[in-house]
Amino acid sequence: MTVNPSIANLMPEPEQVFPNGLRVQTQLHGNVFVFHCQGRLVFGDEGAVLRERVGSMLSGSPNVVVNLREVDHIDSGGIGVLIGLLVSARNRGGDLKLVAPNQHVNDVLRRTNLHTIFKLYAGDDEAVAAFYQ
């Protein structure tokens, strides 16, 4: 895997904690950004900051993995952020893949039929590997 040199310049600090409690860790695997989210992904600052953070990196690589293993709650605003990021990534020739949504998040995705739109993976490695197949 080669890394686009411009991607390295886009990397924020590896971990960021927002005042509202959402914790986001960012990693780079080849040309894929992996975001580990912990806390609540809801309407308001949490969603806006995640959208801005991921959105600013799409110019370096439109390939994004969002790990939801430690997201304990998501509402319509959080779903809206994920959909917006998916559309932005696809418009740039990439994709957004979701990893390990817990039961609550999975239930929300199923109730809204979004489990048919998002590609879901058990782990980061599996999701990242899917970009290279």
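A single member of Val66, Val54, Val128 is β-branched (Val, Ile, Thr) and either in a strand (DSSP E or B) or surrounded by fewer than 18 Cβ atoms within 10 Å (Cβ to Cβ) (or both), and it is Val66. Filtering segment 101-117 to residues that are surrounded by fewer than 19 Cβ atoms within 10 Å (Cβ to Cβ) and not in a helix (DSSP H, G or I) leaves Asn102, Thr112, Asn113, Ile117. In the set (1) modelled with pLDDT of 95 or more; (2) touching a Leu at 6+ places or on another chain (Cβ under 6 Å); (3) more than 18 Å from Val128 (Cβ to Cβ), Asn91 fails one condition alone, (2).
Every listed requirement among (1) part of a helix (DSSP H, G or I); (2) of a type in the set (A, V, I, L, M); (3) at pLDDT below 95; (4) within 29 Å of Gln133 (Cα to Cα) is met by Val24 save one, (1). Restricting the first member to segment 46-61 and to residues that are in contact (Cβ under 8 Å) with a residue 12 or more places away in the chain and more than 16 Å from Val34 (Cβ to Cβ), and the second to residues that are assigned to a loop (DSSP other than H, G, I, E, B) and not small (Gly, Ala, Ser), the beta-carbon pairs closer than 6 Å and six or more apart or on different chains are Glu46/Asn20; Glu46/Leu22; Val49/Phe18.
The values are calculated or read from the model by the stated rules, or taken from the named source; none is laboratory data. Since the model is a prediction, treat every value here as computed from it, not as a measurement. Here Cβ is always computed from backbone atoms with ideal geometry, including for glycine, and neighbour counts include all displayed protein chains.
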